[in-house]
Amino acid sequence: MLGSIFLEFNLPNAATWFYFSLLLVVALFFKFNRLLSLRNWDLLTLYLVVPGFLLLQEAHTLLLAARAGGLDPTDKSRLLQRGSMLLSTGYIWLIAASGYWFARCLLDLALVRRPNLIPNLNLSGLAWLAAALFICMTAVAIRKLPDVPVEAIGKGPIALTRVQEGASAVVNYQNGVTDFSAADSKFWIERGVALGLHLAVLVGLVMIGWVHFQDVTSGMAMACLYMLLPYTAYHISQVHHVFPAVFLVWTVFAWKRPLIAGVLLGIPAGTVFFPLLLFPLWLGFYRGRGAKQFAAGFILAMLLSLSVTGAILSYHGELARHLKTALSLSDWQAWKQPYTEGLWTGVHWAYRLPVFILYMAFVVLTSFWPSPRNWGQVIAQSAAVVIGVQFWYADQGGVYVLWYLPLLLILIFRPNVSERRPPELEASGALRQSLWSKLGWRKGKAPSAVETPVELVGS
């Protein structure tokens with residue numbers, strides 16, 4: 001009996017997680033000697049989206065209770081009406097909060113002075129807290145928050161779903177398990193993949209702070225804040241939410257290598273549509289400084305990713321069906337009236353189409369504005385492009401915070417990077433030519449035996 005007291009651990013609900021997370025973030029990162037600083041405001045407004053999630057959870061609870069049956073028509077009608085009102089309010093809140101962060105990202109393009117955001121805890125303490133939070137997130141993934149739905153939120157890439165099902169089938173075949181255990185295997189594989197992807201995001205944030213910010217403490221602070229924010233806990237098991245974020249973080253890390261950056265951005269573009277919208281922005285960033293290498297890496301990686309997806313669906317005999325379904329979805333086709341859950345449910349396409357057109361004009365504009373641009377401006381515009389998807393995407397648009405959350409953290413913590421641009425290929429080519437000529441190689445001819453010692457001594 002005594003053992004059960006110490007082992008009786010209950011996860012907090014979503015609202016409790018929100019409040020305690022906010023208290024910890026203020027204690028760890030808030031600069032009390034500079035109350036009116038932009039960094040303090042950014043920390044607080046990171047929680048601006050949370051009330052929208054809480055409203056959606058309350059709405060889903062009421063709608064589920066109304067559809068369960070056993071209620072008289074008056075109570076059922078009252079629950080349905082209140083649930084529908086909260087659902088609409090929740091999505092309006094999410095879109096409004098996304099609009100604020102979209103404007104904040106554009107404002108960041110004009111900010112030059114960036115004093116370091118020094119945490120109130122040293123590196124060792126941040127590392128311990130980040131590791132402890134990740135272990136706690138394992139418990140959240142296994143047991144789930146009490147009032148957070150377990151089902152998938154939004155449509156995930158079909159290739160990821162089939163890969164997880166295939167892995168479950170392999171495990172079940174090797175162990176000879178029953179149908180109940182088969183569902184259990186699928187659960188553990190899904191949670192394991194999600195936790196692995198979150199860990200990749202954490203490592204990427206630490207590496208960006210260590211290598212590019214020249215401050216490993218800032219990198220650890222970003223990782224710690226990523227684990228503290230409620231969005232990570234709310235969607236800890238949603239693989240399709242964190243999958244593209246992993247590649248975005250590592251694309252930002254590899255910005256000095258156009259080919260590698262193109263490959264990293266092209267892989268998710270073959271499974272999730274929105275990384276494709278970042279291609280004009282990054283291509284403009286590398287214009288004259290590795291644009292061809294970036295484009296080649298992006299296109300090859302995207303085609304390879306699409307080929308893998310097609311092969312997986314062809315193996316299951318589902319390629320034609322899923323291709324037909326994808327082409328008929330109104331989620332990403334703004335000229336069709338959507339019926340999936342979201343702000344645009346049942347709204348005529350004429351209202352959503354102008355929003356989509358304005359967004360696409362912004363995407364095109366990012367290919368050359370501002371010019372020339374630095375690495376920090378690319379991070380801000382990348383976050384703005386991903387946030388902008390929430391405005392017109394019909395399938396629960398506004399809930400995909402994990403798509404852009406790591407980019408926002410990098411934007412908030414980054415120092416002054418106004419001079420950081422890709423290295424000029426012309427300069428590096430001239431340097432190689434100079435070294436080549438010093439060794440006596442001119443126009444593809446080897447130096448003579450007489451010239452070689454003189455040239456080498458002169459070099």
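A quick yes/no check of all residues on (1) surrounded by fewer than 17 Cβ atoms within 10 Å (Cβ to Cβ); (2) closer than 30 Å to Gly154 by Cα; (3) at pLDDT 90 or above:
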{"residue": "Phe20", "(1), (2), (3)": "yes, yes, yes"}
{"residue": "Phe29", "(1), (2), (3)": "no, no, yes"}
{"residue": "Asn33", "(1), (2), (3)": "yes, no, no"}
{"residue": "Leu44", "(1), (2), (3)": "yes, yes, yes"}
{"residue": "Val49", "(1), (2), (3)": "no, yes, yes"}
{"residue": "Gly52", "(1), (2), (3)": "no, yes, yes"}
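In region 261-278, is there at least one residue being assigned by TED's automatic domain parsing to the domain that holds Asp331 and over 16 Å from the mean Cα position of the chain (by Cα)? Yes, that holds for at least one residue.
Look at region 64-86: where a residue is without any contact (Cβ under 8 Å) to a residue 12 or more places away in the chain and under 23 Å from Thr345 (Cα atoms) and a partner is surrounded by 15 or more Cβ atoms within 10 Å (Cβ to Cβ) and not β-branched (Val, Ile, Thr), sitting 6+ places away or on another chain with Cβ atoms under 7 Å, you get Lys76/Ala66.
All told, Pro280 falls short of being in a helix (DSSP H, G or I) and crowded, with 22+ Cβ neighbours inside 10 Å.
When the residues of region 331-351 are narrowed to those that are buried (at least 18 other Cβ atoms within 10 Å of the Cβ) and either farther than 15 Å from Ser88 by Cβ or among the β-branched types (Val, Ile, Thr) (or both), which ends up farthest from the chain's Cα centre (by Cα)? Before you say what the answer is, go through the steps one by one.
Of the residues in region 331-351, the ones buried (at least 18 other Cβ atoms within 10 Å of the Cβ) are 331, 334, 338, 341-344.
Within this subset, residues satisfying the condition of being either farther than 15 Å from Ser88 by Cβ or among the β-branched types (Val, Ile, Thr) (or both) are 331, 334.
On the way: Asp331: 19, Ala334: 23 Å.
By that ranking, first place goes to Ala334.
Among the residues here, Ala261 qualifies as crowded, with 22+ Cβ neighbours inside 10 Å and either of a type in the set (Lys, Arg) or closer than 20 Å to Thr366 by Cα (or both). Filtering region 47-87 to residues that are closer than 27 Å to Leu23 by Cα and charged (D, E, K, R) leaves only Glu58.
Just so you know, in region 55-102 the residues that are surrounded by fewer than 16 Cβ atoms within 10 Å (Cβ to Cβ) and acidic (Asp, Glu) include one that is farthest from the chain's Cα centre (by Cα), and it is Asp72. Every condition in (1) part of a helix (DSSP H, G or I); (2) modelled with pLDDT of 90 or more holds for Ile5 except the one numbered (2). Return yes or no: is Lys324 surrounded by 15 or more Cβ atoms within 10 Å (Cβ to Cβ), under 29 Å from Ile357 (Cβ atoms) and charged (D, E, K, R)? Considered against the rule, which asks whether it is surrounded by 15 or more Cβ atoms within 10 Å (Cβ to Cβ), under 29 Å from Ile357 (Cβ atoms) and charged (D, E, K, R), Lys324 comes out as no. In region 105-123 there is no residue that is crowded, with 16+ Cβ neighbours inside 10 Å, part of a helix (DSSP H, G or I) and among the basic types (Lys, Arg).
Condition test on Glu424, is it surrounded by fewer than 24 Cβ atoms within 10 Å (Cβ to Cβ) and touching a Lys or Arg at 6+ places or on another chain (Cβ under 8 Å)? Answer is yes for this residue. Only one of the listed residues (Leu205, Leu225, Leu199) is closer than 15 Å to Ala131 by Cα and surrounded by fewer than 24 Cβ atoms within 10 Å (Cβ to Cβ). That residue is Leu199. Filter region 247-260 for residues that are over 17 Å from Thr309 (Cβ atoms) and either among the β-branched types (Val, Ile, Thr) or within 15 Å of the chain's Cα centre (by Cα) (or both) and give the result. The answer is Leu248, Val249, Trp250, Thr251, Val252, Phe253, Ile260.
Restricting region 381-410 to residues that are touching an Asp or Glu at 6+ places or on another chain (Cβ under 7 Å) and buried (at least 24 other Cβ atoms within 10 Å of the Cβ), the residue that is modelled with the lowest pLDDT is Ala394.
Can you give me the ranges of the helices (runs of 4 or more DSSP H) entirely in region 313-400 with at least 2 residues that are within 25 Å of Phe279 (Cα to Cα) and without any contact (Cβ under 8 Å) to a residue 60 or more places away in the chain?
Working: elements: 319-328, 349-365, 375-392.
Ranges flagged: 319-328, 349-365.
The single residue among Glu451, Glu419 that is out of contact with any Lys or Arg (no Cβ under 7 Å at 6 or more places or on another chain), modelled with pLDDT under 80 and of a type in the set (Asp, Glu) turns out to be Glu451.
The single condition among (1) at pLDDT below 90; (2) in a loop (DSSP other than H, G, I, E, B) that Ser428 does not satisfy is (2). Of all the listed residues (Thr217, Thr232, Thr251), the sole one being assigned to a helix (DSSP H, G or I), hydroxyl-bearing (Ser, Thr, Tyr) and free of Cβ contacts under 8 Å to residues at least 40 places away in the same chain is Thr251.
Taking the condition buried (at least 16 other Cβ atoms within 10 Å of the Cβ), of a type in the set (A, V, I, L, M, F, W, C) and farther than 24 Å from Ile95 by Cβ, does Ala14 pass? When the stated conditions are applied, Ala14 does not pass them.
I'd like to check something: does region 25-45 contain any residue that is of a type in the set (A, V, I, L, M, F, W, C), under 21 Å from the mean Cα position of the chain (by Cα) and within 30 Å of Ile142 (Cβ to Cβ)? Reasoning before the result, please.
Residues of region 25-45 that are of a type in the set (A, V, I, L, M, F, W, C), as a first pass: 25-30, 32, 35-36, 38, 41, 43-44.
Checking the rest, the ones that are also under 21 Å from the mean Cα position of the chain (by Cα) come to 25, 43-44.
Checking the rest, the ones that are also within 30 Å of Ile142 (Cβ to Cβ) come to 25, 43.
Looking for residues that are of a type in the set (A, V, I, L, M, F, W, C), under 21 Å from the mean Cα position of the chain (by Cα) and within 30 Å of Ile142 (Cβ to Cβ), one finds at least one in region 25-45, hence yes.
Consider Thr61 carefully, then state whether it is among the β-branched types (Val, Ile, Thr) and closer than 28 Å to Trp375 by Cβ. Taking the combined requirement at face value, the residue does not satisfy it. Residues of region 288-312 that are crowded, with 16+ Cβ neighbours inside 10 Å and not in a helix (DSSP H, G or I): Arg289, Gly290.
The values are calculated or read from the model by the stated rules, or taken from the named source; none is laboratory data. It should be emphasised that the depicted structure is a prediction, and the values quoted were computed from it without experimental measurement. So basically every Cβ, Gly included, is an ideal-geometry build from the backbone, and we count neighbours across all protein chains shown.
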